[in-house]
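Participant: Quick one: the structure is below, and I'll ask about it shortly.
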Amino acid sequence: MPTRMVHTRSLQTAFHEARRDHQARRFAAAIAGYRAFIKLDPTHAQSWHGLGIACLQINENGPAIDALQHAVSLDGTNAVFHNNLGVALLAGGILDKANNAFAHAVRLDNDYADALANLGMVHKEQRRTAEAIQFYREALRSQPKHINALFNLANLLYEEGELEQASALYRDALHAGGPRSDILNNHGRVLLDLSQVNEAIDAFEQALIADPGNGEAAFNAAKAYAKKENWQQAERFFTTASCLRRNKSLWRYQRLGLCPTVFQSIAELDDYRAELNRHLDDAIQVGIQVDLDELAFDGFVPSFNLAHHGRSNRHLLEKFACLYSPHISKRNPLPFSQGAKRVGFVVTSPHVGSFLRTQGGIVERLDPARFRIFLFCDDAGIKKMRAAICRNDIHWIPFSRRFGDAVATIAAAKCDVLYFHKVSADPLGYLLPFARLAPVQCTSWATHFTSGVGEVDYYLSSNLVESADAAKEYTEQLVRFKTFPAYEKKPPRVPPAARSDFGLPTQGALYLCPQRLAKFHPAQDELFRQILEEDEAGTIVILSADGSPALDHLLTRFQRTLGAGAKRIRILPSQSAVGLAQLMSVCDALLDIRHYSVSLMAKDAFAAQLPIVTYPGDLKVERYTLGFYRKMGIEDLIATSAEGYVRLAIRLGNEPDFRREMKNRIALASDLLFDDRQTIREFEDFVDTVTLA
């Protein structure tokens, strides 16, 4: 506003004119008006405040901070002034001064929800997670429908792995503020992690209705459709996302991490692998760009389903590693510790359960005089593990889902040996080893094939399982324990059950196949067909979650490959641990899958005295049950041919005396599979050997 016009009006009218421009988002005019007014009255705090806010809204942080500091100096009792100064300082990355400004606002007004929420933001930026959560909660106690506090607290809890709490807060934010695209998108991510796929898709599509330019929502919708194995929709949304966010090169290659759960034929499976190989070569040639801060969210990993194909995966996994390795800086680990060695276990949140089952006993029993134990996971995972692992001297170290933060946290512990529980199952768990966070890095059975990651030095396995020439399958150095590289406690006995409890036939043999559907290789169908043809009263029992698209694909294949026997495939819902043990107790035999042997479930079966017929191949994942039988000294149910596999299954199903003999021998020997202290000794010896100076 020209100065000469100000002189013709009252000061009050001129100020209100500037405010009207400001409210109408005519920022240039508002700024000119505020400045013209300030020349006439430099002591007018509201004008300095308005000028600061207008500058902040057009991202002129320096002038905004100067103006807001003037406002505060003129009226230090105004909590709003202090809060908005803090907002400008926060936007400029001046965290300590922003914190002081927000704290001053709260001292002036204890219930000032905006300032409390902003304190949460500062503490989040300072990686002081607990304090950030506390401030967000205080803001919500003051104002339960405070949108930003709800949203930011939900985001923080999501990053910390508190999925159920985050979901509830996102719902509250949507109720309070309506269908905001960013809230819908983030809620969809949580729902997807909670395996509520249909609800997640609905959230992502609502987010795109609210904002068609939300590339993150399109990207997440694609991932959700991929979980449903709706490849056409997944491809459509990946294409949309890539067009909306052209700087996200990783999004263009997401198909590399996708693999159908069920193939209709061996030829279809091999065609998929050949196509994947070609696409990997193309991606390596073109190269990818990565944003390390977003790597855990944008990244893709080799599909876990590759392990079920009955094929060597080393060359494919090495190519996946070639994509990422050039972009991830390697740390320069310090020399080995003097005295007790520092041993760390890195676990990502989705895999806490399997870690506790297979490695928790090792962590509990490592010699405290020789080893200092560090356990890394997010807050939610650490909470679960603290409750399960009975040991007081563990260093529990939470890390963020953000890749750079997680790398810094783990590296700061200065471990001599890092054990990565499950490499390649999720982006963060896959990518962390690339950063070389310890002098020695290793993995084991939870990573079902080689990791393919050059920075993983050792793969812990068992001589009972690995074939003579197995080392060629690993990029790591293969370490062959004399026992198994997992320590498991024997599960408790469960109440007795009857077939009728599961709605199963009371007559005829029951052949249980409780494995995940991805393990049902097309080659297995011929073995099932022969069993069902020779045992006309037998039933094969399979477990699957309701509404699984993979189950529909599998049953379609069975209709073609099993003939009339397909009618004697019974589908039961997924079972709890107790339910599975009871189901095992009423079945006659467990049918091992040719190209992916049961591992954890084999021990469950042997604890329930359920015999397993197995037909091992050459790859480790085809030989778990073979190893367990070797440990128990029982070789009667190890088939060496397809005909032998079918014959043994029929005998278990239809010869009570033979079945009883096998059950009794398993009952006498199965304790050898549990509470095996040799596992602890061999792990300790491994650490001692690889950390010799």
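Participant: Report, ordered by chain and residue number, the lysines lying within cross-link reach of residue 489, taken as a straight Cα distance under 22 Å and ignoring same-chain residues fewer than 8 apart.
Facilitator: Within the straight-line cut-off, residue 489 pairs with 383, 384, 422, 603, 631, 663.
Participant: How much of the pair distance distribution for the range 239-327 lies past 15 Å, counting alpha-carbon pairs only, in percent?
Facilitator: Working: 2364 of 3916 pairs.
Cα-Cα pairs in the range 239-327 separated by more than 15 Å: 60 percent.
Participant: Add -39500 (n - 2.57) for each DSSP H run of 4 or more in the chain, then divide by its residues: what number comes out at 222 nm, to the nearest 500 deg cm²/dmol? Each step should come with its number before you reach the end.
Facilitator: On the way: 31 runs with 361 residues, N = 693.
-16000 deg cm²/dmol, from helical runs alone.
Participant: In addition: If you count the DSSP beta bridges with both ends in the range 499-673, what percent of them are antiparallel, to the nearest 5? Let's see the in-between values first.
Facilitator: Values: 1 of 14 bridges.
Of those bridges, close to 5 percent are antiparallel.
Participant: If I take every Cα pair under 8 Å that is 6 or more residues apart in the chain, average their sequence separation and divide by the length, what percent do I get for the relative contact order?
Facilitator: Values: 1201 pairs, mean separation 57.5, N = 693.
Taking the mean separation of contacting Cα pairs over the length of the chain, I get 8 percent.
Participant: Sticking with this one: Between rounded, prolate and oblate, where does the range 384-533 land on the alpha carbon gyration tensor, with a ≥ b ≥ c its root eigenvalues, rounded for a/c under 1.5, else prolate if a/b exceeds b/c? Don't skip to the end; give the middle numbers.
Facilitator: Working: a/c = 2.32, a/b = 1.65, b/c = 1.40.
Because a/c hits 1.5 or more and a/b exceeds b/c, the range 384-533 counts as prolate.
Participant: Order these by the 10 Å Cβ neighbour count, fewest first: 354, 574. Mind showing how you got there, number by number?
Facilitator: On the way: 354 18, 574 13.
Lowest count first: 574, 354.
Participant: Shifting gears a bit: Starting from the coordinates of the alpha-carbon atoms of the range 45-197, obtain the Kirkwood hydrodynamic radius over all distinct pairs and give the value in Å to one decimal.
Facilitator: Values: mean 1/r = 0.0624 Å⁻¹.
After inverting the pairwise mean of 1/r, the radius is 16.0 Å.
Participant: Got a sec? Charge dipole of the range 434-513, +1 on Cβ for Lys and Arg, -1 for Asp and Glu; which of 441, 509, 485 is way out at the positive end?
Facilitator: Most positive-ward Cα: 509.
Participant: Cut-off is 10 Å between beta-carbons; in what order do 53, 183 appear when sorted fewest neighbours first?
Facilitator: On the way: 53 21, 183 27.
Ranked by crowding around the Cβ, least crowded first: 53, 183.
Participant: Measuring from the lowest to the highest alpha carbon on each principal axis, how far does the chain reach, largest first, in angstroms?
Facilitator: For the chain, the Cα spread along each principal axis is 109, 61, 53 Å.
Participant: Restricting things to alpha carbons, tell me how big the range 320-408 is in terms of Rg and Dmax, in Å.
Facilitator: Looking at the range 320-408, its Cα Rg and Dmax stand at 14.7, 41 Å.
Participant: I would also like to ask the following. With each pseudo-label sitting 7 Å past Cα toward Cβ, what's the residue 408-residue 315 distance in nm, one decimal?
Facilitator: It works out to 4.2 nm between the two label points.
Participant: Using only Cα atoms, locate the centre of the range 256-270 and the centre of the range 549-580, then give the distance between them in Å, rounded to an integer.
Facilitator: Between the Cα centres of the range 256-270 and the range 549-580 lies a distance of 18 Å.
Participant: Round to the nearest 0.05 the FRET efficiency obtained for residue 285 and residue 472 when R0 = 25 Å and r is the Cβ-Cβ distance.
Facilitator: Values: r = 26 Å, r/R0 = 1.05.
Efficiency at R0 = 25 Å is approximately 0.45.
Participant: To the nearest 20 debye, what is the magnitude of the charge dipole of the chain about its Cα centre, counting +1 on the Cβ of each Lys and Arg and -1 on the Cβ of each Asp and Glu? Can you show the working numbers first?
Facilitator: Working: 79 positive and 80 negative charges, 151 e Å.
Using only the charged Cβ atoms, the result is roughly 720 debye.
Participant: Tell me, in nm to one decimal, what length is gained between residue 640 and residue 567 on full extension, where the rule is 0.36 nm per residue of separation less the Cα-Cα distance? Walk me through the numbers on the way to the answer.
Facilitator: Values: separation 73, 0.36 × 73 = 26.28 nm, distance 2.85 nm.
Length gained, residue 640 through residue 567: 23.4 nm.
Participant: Could I ask something else about it? Using alpha-carbon positions, what is the distance between the centroids of the range 466-490 and the range 402-421, in Å?
Facilitator: 24
Participant: Same structure, new question: Beta carbons within 10 angstrom, averaged per residue: use that to sort the peptides 555-567, 601-613, highest first.
Facilitator: Order by mean packing, descending: 601-613, 555-567.
Participant: Which residue, chosen from 32, 203, 119, occupies the Cα position most advanced towards the positive end of the dipole of the range 3-219, where the dipole is computed from +1 (Lys, Arg) and -1 (Asp, Glu) charges on Cβ about the Cα centre?
Facilitator: Most positive-ward Cα: 32.
Participant: Right, something else. Taking +1 at the Cβ of each Lys and Arg and -1 at the Cβ of each Asp and Glu, which of 351, 467, 79 sits farthest along the dipole of the chain towards its positive end, judged by Cα position relative to the Cα centre?
Facilitator: 79
Participant: Next up: Scaled to the compact-protein estimate 2.2 N^0.38 Å, what is the alpha-carbon radius of gyration of the range 535-575, rounded to two decimal places? Provide the component values of the computation, followed by the final result.
Facilitator: Working: Rg = 10.6 Å, N = 41, 2.2 N^0.38 = 9.0 Å.
Normalised Cα radius of gyration, the range 535-575: 1.17.
Participant: Over the chain, what is the percentage of antiparallel beta bridges among all DSSP beta bridges, to the nearest 5? Intermediate results must be reported in sequence, preceding the final value.
Facilitator: Working: 1 of 38 bridges.
For the chain, the DSSP antiparallel bridge percentage is about 5.
Participant: On a full-extension model of 0.36 nm per residue, what is the gain between residue 338 and residue 688, subtracting their alpha-carbon distance, rounded to one decimal in nm?
Facilitator: Values: separation 350, 0.36 × 350 = 126.00 nm, distance 1.20 nm.
Extra length from residue 338 to residue 688 when fully extended: 124.8 nm.
Participant: To the nearest 20 Debye, how big is the dipole of the range 239-327 about its Cα centre, given +1 on the beta carbon of each Lys and Arg and -1 on that of each Asp and Glu?
Facilitator: Details: 10 positive and 11 negative charges, 14 e Å.
Using Cβ point charges on Lys, Arg, Asp and Glu, the range 239-327 gives about 60 debye.
Participant: If you rank 445, 48 by fewest surrounding Cβ atoms within 10 Å, what's the result? Kindly include the intermediate steps, with their values, before the conclusion.
Facilitator: Numbers: 445 23, 48 26.
Ranking 445, 48 by Cβ neighbours within 10 Å, fewest first, gives 445, 48.
Participant: Counting Lys +1, Arg +1, Asp -1, Glu -1, what net charge surrounds residue 658 among other residues with beta carbon under 15 Å of its beta carbon? Walk me through the numbers on the way to the answer.
Facilitator: On the way: positive: 647, 651, 659, 660, 663, 665; negative: 535, 588, 635, 636, 655, 657, 661.
Surrounding charge for residue 658 is -1.
Participant: Calculate the dipole size of the range 219-291 relative to its Cα centre from +1 charges on Lys and Arg beta carbons and -1 charges on Asp and Glu beta carbons; express the result in debye to the nearest 20.
Facilitator: Roughly 480 debye for the range 219-291.
Participant: Here's something else I'd like to know. Working out 0.36 nm times the residue gap between residue 391 and residue 480, then minus their Cα-Cα distance, what length gain in nm do you get to one decimal?
Facilitator: Details: separation 89, 0.36 × 89 = 32.04 nm, distance 2.78 nm.
Net length gain for the segment: 29.3 nm.
Participant: When only Cα pairs under 8 Å and 6 or more residues apart are kept, what is the percent relative contact order across the range 499-673? Spell out each step's value before the answer.
Facilitator: Working: 267 pairs, mean separation 40.8, N = 175.
Here the relative contact order equals 23 percent.
Participant: Between residue 661 and residue 500, how many nm apart are label points set 7 Å from Cα along the C-beta direction?
Facilitator: Here the answer is 3.3 nm between the modelled labels.
Each reported figure results from applying straightforward, stated rules to the coordinates on display, with no laboratory input. As the structure is a computational prediction, the values presented were derived from the model and not from experiment. Cβ sites come from the backbone with ideal geometry, for glycine too, and all protein chains shown count toward neighbours.
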